[in-house]
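Inspection log for the structure reproduced underneath, given as structure tokens.
The values are calculated or read from the model by the stated rules, or taken from the named source; none is laboratory data. This one's a predicted model, so the numbers in the text were calculated from it and none came from an experiment. Methodologically, a virtual Cβ is constructed for each residue, glycine included, from the backbone with ideal geometry; neighbour enumeration extends over all protein chains shown. The accessibility values were calculated without ligands, DNA or RNA, using every heavy atom of the protein model including side chains. Shrake-Rupley method; radii C 1.70, N 1.55, O 1.52, S 1.80 Å.
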Amino acid sequence: GGPPAILFLLSGPDMVGRTRANLIGFFAFTNLVALTLFLSVGLLGTEALVRAAVLVPIFFAFLWAGSLLFGRAGEKVFRRIALWFLLAVALFTLSA
């Protein structure tokens, strides 16, 4: 669900600050819902929870770094970088 949501939000008329905030909120919410569902049906064991505990600080570090870099890029640059990144993810997914 991520790439279609990104493409949808990037194609809208909202300013990039709102688009970025909506993307962060979307992914935080969907990940929280998925985690809750996985825990409720017993799909996550101790190993997965330990990995998540290790990766959460990394996630927040990159979120913080992104917020620092975000102010340096204009609207066109932000959209262009996001679309190139989306293309790279699509190509990687197709080749895997």
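In the chain, the portion of solvent-accessible area held by carbon and sulfur atoms comes to 76 percent [1.4 Å probe, whole percent, DNA, RNA and ligands not counted]. Rolling a 1.4 Å probe over the heavy atoms of the protein chains gives the chain an accessible area of 79 Å² per residue. Computed extension length for Ile58-Ala96: 11.2 nm, one decimal, from 0.36 nm per residue of separation with the Cα-Cα distance subtracted. Backbone N atoms of region 62-96 closer than 15 Å to the 7 Å Cα→Cβ label point of Asn31 belong to residues 62-67. Scanning the chain for helices, which whole DSSP H stretches are 27 Å or more long along the axis (Cα) and average 0.5 or more by Kyte-Doolittle? Long hydrophobic helices here: 16-40, 46-70, 75-95. Surface listing: Thr30, Thr93 arranged by accessible area from highest to lowest gives Thr93, Thr30, probe 1.4 Å. When the charge dipole of the chain is built from unit charges on Cβ atoms (+1 for Lys and Arg, -1 for Asp and Glu) and taken about the Cα centre, the candidate among Phe60, Phe38, Leu7 whose Cα reaches farthest toward its positive end is Leu7.
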